[in-house]
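Let me begin by presenting the structure, written as C-alpha cells, before commenting on it.
The values are calculated or read from the model by the stated rules, or taken from the named source; none is laboratory data. Quick caveat: nothing in here was measured; it's all calculated off a predicted structure. Cβ placement follows ideal geometry from the backbone for every residue including glycine, while neighbour counts extend to all protein chains displayed.
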Amino acid sequence: MSLRITVTGGAGFLGSHLCDRLVAEGHEVLCVDNFFTGRRANVTQLLPNANFEVLRHDVTFPLYVETDHIYNLACPASPIHYQFDPVQTTKTSVHGAINMLGLAKRVKARILQASTSEVYGDPEVHPQIESYWGRVNPVGPRSCYDEGKRCAETLFFDYRRQHGLDIKVVRIFNTYGPRMALNDGRVVSNFIVQALKGDDITIYGDGNQTRSFCYVDDLVDGFLKMMGTENGFCGPVNLGNPVEFTIAELAEKVVSLCGGRSKVVYQPLPQDDPQQRQPDISVARERLEWEPKVALSDGLKETIGYFRKVLA
Ligand code: NAD
Ligand code: UDP
Ligand code: UDP
C-alpha cells in the first residue's frame with residue numbers, strides 16, 4: 001500500500017537514504033528540512049520523481065500537512081554542529097517533537113523518533129540495554145543534544161499514554177556511510193577525508209575509547225522494520241552494530257583501506273566524551289528480527305568510494 005510519509009531531517013545523511021528507500025517502495029514522500037546540516041545535493045536524485053517533494057521548514061515551528069507516517073529525524077547529529085547553536089539544538093529536539101507529535105495527533109499518523117545512544121551518556125552498563133536509564137551530564141556541552149533527545153523520548157511516551165498516539169522510538173548508535181558531509185566532524189568521515197587528503201589523522205584522547213559502527217543501509221532496514229511493527233511494540237529499541245572497536249583501531253583500518261601516508265596525531269579528548277559504547281541488540285533481534293549485515297571493512301570501502309568521488 002502506498003502511504004504519505006513525512007521525513008523530517010530528510011535532506012541529512014540518514015534522512016536522505018531513508019527517503020530513497022521509501023520512494024523506491026512506491027510511497028509519497030515529503031522531505032522536511034531547514035538545511036542546517038542537510039543538503040539539497042543529498043536528495044537531487046529524487047527530485048524528478050513525482051512522489052517526492054521537499055519543503056524548507058524548521059520543525060521548531062508548527063507544520064500542517066496530511067500524512068500517514070512521520071519519521072522525525074530533524075536534529076544535527078555531529079557534536080561540532082549541535083554545539084554550534086546549543087539552544088536551537090534543544091529547541092529542535094523538544095519543540096520539534098511537540099510539533100510533530102501534535103501533527104501526528106491531529107491526523108492520527110504513526111510517528112517514529114530517531115533517538116540516540118547518547119541517552120545512555122557515559123554509561124556504567126556495558127553493553128547498553130534499553131532498560132538502562134543512562135548517565136548523562138545535564139549541564140555540559142553535550143547536554144543540549146543528550147537531554148533534548150531524552151526529553152523528546154519523554155514527550156513521545158507521554159503522547160502515547162495521554163493521547164493514545166501510535167509511537168515508535170529507536171535509539172541509534174553510531175552510523176556511517178555515503179553522504180555524510182565532508183565537514184560533518186564525526187569520526188568516520190573525519191578519518192576518511194583526512195586519509196584521502198594525506199592529512200594527519202586526528203585521534204581525540206588516547207584512542208582507547210570505543211564505538212560500534214553501523215552501516216547506513218542496515219540502519220534504514222531497522223527503521224522500516226520498526227515502523228512496520230503492528231503488535232503495539234513502541235520501543236525504545238537499540239539499533240546499531242554490536243561489533244565494538246577502539247578509535248585507534250578504526251584509524252588503523254581507515255588508513256590501510258585508503259592507502260596513503262597519513263600519520264596519527266593526538267588531540268585533547270572533548271569534555272564528557274563517552275569512554276565506551278556498544279548496543280545490546282537482543283530486543284531488535286527478537287521483536288524486529290533485525291541485525292546488521294554489513295561488516296565494518298565493507299561499509300568503509302563503500303564510504304571511502306563515495307568520499308573519493310566527492311573530493312575528486
Ligand atoms: P544530519 O545532521 O546529517 O541530519 C540531520 C538533518 O536534520 C539535516 O538535514 C538538518 O538540516 C536537519 N535539521 C536540523 N535541525 C532542523 C530543524 N530545526 N528543522 C528541520 N530540519 C532540521 O545527521 P544524521 O546522522 O542524518 O542524523 C539524523 C537523525 O538521527 C538525528 O536526529 C540524529 O540525532 C539521529 N542519530 C544519528 C546517529 C548517527 O550516527 N548518524 C546516531 C544517533 C542518532
Ligand atoms: N501542531 C502542528 N501541526 C498540526 C497540529 C499541531 O504543528 O497539524 C503543533 C501545534 O502548533 C502545537 C503542537 O503541535 O503547538 C502540539 O499540539 P497539541 O495538539 O498536542 O497541543 P496544543 O495544540 O493543545 O498545544
Ligand atoms: N573522534 C576522534 N577524532 C575525530 C572525531 C572524533 O578521535 O576526528 C572521537 C571522539 O572523540 C569520540 C569518537 O571518536 O570518542 C566518536 O566521535 P563521534 O563524534 O563520531 O561520535 P560520538 O562521540 O557522538 O559517538
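Quick notes on this one:
- Looking only at residues of segment 74-102 that are in contact (Cβ under 8 Å) with a residue 60 or more places away in the chain and closer than 20 Å to Ile5 by Cα, we find that the one that is farthest from ligand 3 (Cβ to nearest atom) is Leu101.
- Residues satisfying the stated conditions in segment 85-116, i.e. of a type in the set (Gly, Ala, Ser) and either within 21 Å of Thr37 (Cα to Cα) or buried (at least 19 other Cβ atoms within 10 Å of the Cβ) (or both): Ser93, Gly96, Ala97, Ala104, Ala109, Ala114, Ser115
- Scanning segment 237-271 for residues that are among the β-branched types (Val, Ile, Thr), farther than 15 Å from Ile201 by Cβ and surrounded by fewer than 16 Cβ atoms within 10 Å (Cβ to Cβ) returns a single hit, Val243.
- In the set Leu182, Leu196, Leu219, only one residue is surrounded by fewer than 21 Cβ atoms within 10 Å (Cβ to Cβ), within 16 Å of ligand 3 (Cβ to nearest atom) and not in a loop (DSSP other than H, G, I, E, B); that residue is Leu196.
- Qualifying residues in segment 16-66 (those that are hydroxyl-bearing (Ser, Thr, Tyr) and out of contact with any Phe, Trp or Tyr (no Cβ under 9 Å at 6 or more places or on another chain)) - the one nearest to ligand 3 (Cβ to nearest atom): Ser16
- Matching residues, segment 221-247, being of a type in the set (Ser, Thr, Tyr) and farther than 12 Å from Arg277 by Cα: Thr229
- Hits in segment 222-245 - residues which are in contact with a helix residue (DSSP H, G or I) (Cβ under 9 Å, 6 or more places away or on another chain) and assigned to a helix (DSSP H, G or I): Gly222, Phe223, Leu224, Lys225, Met226, Gly228
- Leu63 under 21 Å from Glu153 (Cα atoms) and of a type outside the set (D, E, K, R): yes
- Just so you know, in segment 103-133 the residues that are of a type in the set (S, T, N, Q) and within 16 Å of ligand 3 (Cβ to nearest atom) include one that is farthest from Val170 (Cα to Cα), and it is Gln128.
- Top-ranked residue of segment 272-312 - restricted to ones that are assigned to a helix (DSSP H, G or I), crowded, with 18+ Cβ neighbours inside 10 Å and among the β-branched types (Val, Ile, Thr), ranked as nearest to ligand 1 (Cβ to nearest atom): Thr303
- Within the option set Arg171, Arg160, being closer than 30 Å to Thr44 by Cα and in contact with a strand residue (DSSP E or B) (Cβ under 9 Å, 6 or more places away or on another chain) holds for one residue only, Arg171.
- If you go through segment 108-132 and keep only what is within 15 Å of ligand 2 (Cβ to nearest atom) and out of contact with any strand residue (DSSP E or B) (no Cβ under 9 Å at 6 or more places or on another chain), you end up with just Lys108.
- Remark: Leu269 falls outside the filter, which requires a residue to be of a type in the set (A, V, I, L, M), in contact (Cβ under 8 Å) with a residue 60 or more places away in the chain and part of a helix (DSSP H, G or I).
- Total residues in segment 155-208, condition charged (D, E, K, R), away from ligand 1 (no atom under 15 Å from the Cβ) and closer than 29 Å to Ala104 by Cβ: 4
- Of all residue pairs spaced 6 or more apart or on separate chains, those with beta-carbon atoms under 7 Å, a first member in segment 35-55 that is closer than 15 Å to His17 by Cα and a second member that is basic (Lys, Arg) and modelled with pLDDT of 95 or more are Asn42/Arg179.
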